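Undergrad: This is the structure I want to talk about, given as structure tokens.
The values are calculated or read from the model by the stated rules, or taken from the named source; none is laboratory data. What you are looking at is a predicted structure, and each value in this text was computed from that prediction instead of being measured. Positions of Cβ are generated from backbone atoms using ideal geometry, with glycine treated the same way; all protein chains shown enter the neighbour counts. Accessible surface areas use protein heavy atoms only, side chains included; no ligands, DNA or RNA. Shrake-Rupley method; radii C 1.70, N 1.55, O 1.52, S 1.80 Å.
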Amino acid sequence: MGGHTVRWYLGAFKKYAVFHGRARRKEYWMYFLFTGLVLVVLLALGTAMQTMVPYLLYVVAVIVPSLSVMVRRMHDMGKSGWLALLGFIPVIGGIVMLAFGCIEGERRPNMYGPDPKQTHTYAPQPPS
């Protein structure tokens, strides 16, 4: 995992509670990749230390940014951000969100904002 993954994660986390605009697939997947890796590490540490407090604190800390990036991902496809709530339905919700996460966003401005692939304002800048 390189520095780019961390930059995408931090870029999404900086928009902690931003529920407007759009998020590219890459922002969405890099955020959830990094979040998943941190959760696995904290779960392993918690098991070794016989406490799940760090794991639970992180879960609570990422609830809002996770919802935020999911809403912006829905917006990128031209869909209502309310569809992100489908992710709370056990099993089926996860499958639906997985499918939505794979669909390419609209390659033009939509009612939620400009195409993030065109504006480059949503993506971390590559190293010089």
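Undergrad: Taking the residues in the stretch 47-63 that are among the β-branched types (Val, Ile, Thr) and surrounded by 14 or more Cβ atoms within 10 Å (Cβ to Cβ) as candidates, determine which candidate is farthest from the chain's Cα centre (by Cα).
TA: Result: Val59.
Undergrad: Which residues, counting only those in the stretch 84-121, are within 15 Å of Tyr28 (Cα to Cα), aliphatic (A, V, I, L, M) and in a helix (DSSP H, G or I)?
TA: Result: Ala84, Val96, Met97, Leu98, Ala99.
Undergrad: List, please: which pairs have Cβ atoms under 7 Å, are six or more places apart or on different chains, and start with a residue in the stretch 58-80 that is farther than 15 Å from Met97 by Cβ and among the aliphatic types (A, V, I, L, M) and end with one that is modelled with pLDDT under 95 and open to solvent by 40 Å² or more (accessible area, probe 1.4 Å)?
TA: Val64/Tyr16; Val64/Ala17
Undergrad: Right, here's the next one. Taking the options Ala44, Ala17, Ala23, name whichever one is of a type in the set (A, V, I, L, M, F, W, C) and either surrounded by 15 or more Cβ atoms within 10 Å (Cβ to Cβ) or under 15 Å from Gly105 (Cβ atoms) (or both).
TA: Working: Ala44 fails: either surrounded by 15 or more Cβ atoms within 10 Å (Cβ to Cβ) or under 15 Å from Gly105 (Cβ atoms) (or both); Ala17 fails: either surrounded by 15 or more Cβ atoms within 10 Å (Cβ to Cβ) or under 15 Å from Gly105 (Cβ atoms) (or both).
So the residue among Ala44, Ala17, Ala23 that is of a type in the set (A, V, I, L, M, F, W, C) and either surrounded by 15 or more Cβ atoms within 10 Å (Cβ to Cβ) or under 15 Å from Gly105 (Cβ atoms) (or both) is Ala23.
Undergrad: Among (1) farther than 21 Å from Gly113 by Cα; (2) open to solvent by 80 Å² or more (accessible area, probe 1.4 Å); (3) under 10 Å from the mean Cα position of the chain (by Cα), there is one condition Phe34 misses while meeting the rest; what is its number?
TA: Of the numbered conditions (1) farther than 21 Å from Gly113 by Cα; (2) open to solvent by 80 Å² or more (accessible area, probe 1.4 Å); (3) under 10 Å from the mean Cα position of the chain (by Cα), the odd one out for Phe34 is (2).
Undergrad: Mind listing just one residue for me: the one in the stretch 1-20 that is in a loop (DSSP other than H, G, I, E, B) and either aromatic (Phe, Trp, Tyr) or within 10 Å of the chain's Cα centre (by Cα) (or both) and, of those, modelled with the highest pLDDT?
TA: By that ranking, first place goes to Phe19.
Undergrad: Please pick out the residue among Val91, Val96 that is on the phi > 0 side of the Ramachandran plot, modelled with pLDDT under 95 and not small (Gly, Ala, Ser).
TA: After ruling out the rest, the residue left standing is Val91.
Undergrad: Now for a separate question. Go through (1) under 15 Å from Gly101 (Cβ atoms); (2) in a helix (DSSP H, G or I) for Leu37 and report which single condition fails.
TA: Failing condition for Leu37: (1).
Undergrad: With the requirement that a residue be on the phi < 0 side of the Ramachandran plot and small (Gly, Ala, Ser), what does the stretch 9-65 give you? Walk me through how you get there before you give the answer.
TA: Step one: list which residues in the stretch 9-65 are on the phi < 0 side of the Ramachandran plot, which gives 9-20, 22-49, 51-65.
Listed by number, the residues that qualify are Gly11, Ala12, Ala17, Ala23, Gly36, Ala44, Gly46, Ala48, Ala61.
Undergrad: May I ask you to verify whether Ser66 is at pLDDT 95 or above and open to solvent by less than 70 Å² (accessible area, probe 1.4 Å)?
TA: no
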